Amino acid sequence: MHSTQKSPGLLLHGRADAGGKRFRLDGGVASYDYSNGLLGRRSAWRWISAHGRGLGINLQSGYFGDAENALWLDGELIALGALESRIEADGVWSMTSADGLLALRFTPEGVRRDEKQLLLASSRLRQHLGRFDGWVRAAPDAPKRTVTGLSGLAEDYRARW
């Protein structure tokens, strides 16, 4: 049994204090993603998430297949087909949806790494922060909407329990 809750495009207000600096959050956009459940003995996935005003994406391949693939466009939730993604030699990710509603490139600008090799278990996490460029559309016959510099993350994860 597994459950997931996603809340995209949340408008921010307030401030954050970090590293002795204060950052204003007013006008920013965030998302909330919560999952709970038991993972298989061997688990692997790629998860992509990015949200701005009027546009958000949640893409996943591996763990749930295409069940979580979604596009939020001007407040409308649009289911997306299976994700095809590949990581180029230069670290850039290319991704398309099988239904032709999305074609994006992700350029990493920073990475969080975590790797554990234990006697009975291991995990490898690469969580990249960066920007998305390309296009999305609401339907196969709808016009393409250009995506330029949309901030988000792309995660590559593998585990053995």
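The values are calculated or read from the model by the stated rules, or taken from the named source; none is laboratory data. None of these values were measured; they are calculated from a predicted model. We place every Cβ from the backbone using ideal geometry, glycine too, and count neighbours over all the protein chains shown. Each accessible area value is taken on the protein alone, full model and side chains, heavy atoms only, with ligands, DNA and RNA left out. Shrake-Rupley method; radii C 1.70, N 1.55, O 1.52, S 1.80 Å.
Side notes on the structure shown:
- Signed unit charges on C-beta, dipole axis of the stretch 43-161, positive-most listed residue Gly149, Ser123, Ala98: Ser123
- Computed magnitude of the charge dipole of the chain (debye, nearest 20; Cβ of K, R +1, Cβ of D, E -1): 560 debye
- Phi-derived couplings, Karplus 6.51 cos²θ - 1.76 cosθ + 1.60 at θ = phi - 60°, listed residue by residue for the stretch 121-138: 9, 8, 8, 9, 10, 10, 10, 8, 9, x, 10, 10, 9, x, 7, 9, 7, 6 Hz, with x used for Gly and Pro.
- The apolar share of the surface of the chain, taken as the fraction of accessible area on carbon and sulfur atoms (1.4 Å probe, ligands and nucleic acids excluded), comes to 53 percent.
- Looking at the stretch 73-139, the GluC sites (Glu not before Pro) that sit in a DSSP loop and have at most 15 other Cβ atoms within 10 Å of their own Cβ are Glu88.
- Prolate/oblate/rounded call for the chain, Cα gyration tensor, a/c under 1.5 rounded: oblate
- Residues with amide H under 5 Å from that of Asp99, placed H, sequence gap 5 or more: Gly81, Ala82
- Residue-by-residue Karplus 3J(HN,Hα) for the stretch 87-100, coefficients 6.51, -1.76, 1.60, Hz, glycine and proline x: 9, 6, 4, 7, x, 6, 9, 10, 8, 9, 9, 4, 8, x
- Distances between placed amide hydrogens fall under 5 Å for Leu25 paired with Gly14, Arg15, Ala16, all partners being 5 or more residues away or on another chain.
- Phi angles of the stretch 45-53 translate, via the Karplus equation with coefficients 6.51, -1.76, 1.60 and θ = phi - 60°, into HN-Hα couplings of 7, 10, 10, 10, 9, 7, 8, x, 6 Hz per residue; Gly and Pro are given as x.
- Highest-MSF residue in the chain out of Gly65, Gly19, Gly54 [GNM, Cα springs under 10 Å]: Gly19
- Solvent exposure of the stretch 55-161 as accessible area per residue, Å², 1.4 Å probe: 53 Å²
- For Leu55, the amide hydrogen comes within under 5 Å of the amide hydrogens of Asp74, counting only partners 5 or more places away or on other chains and with H modelled in the peptide plane.
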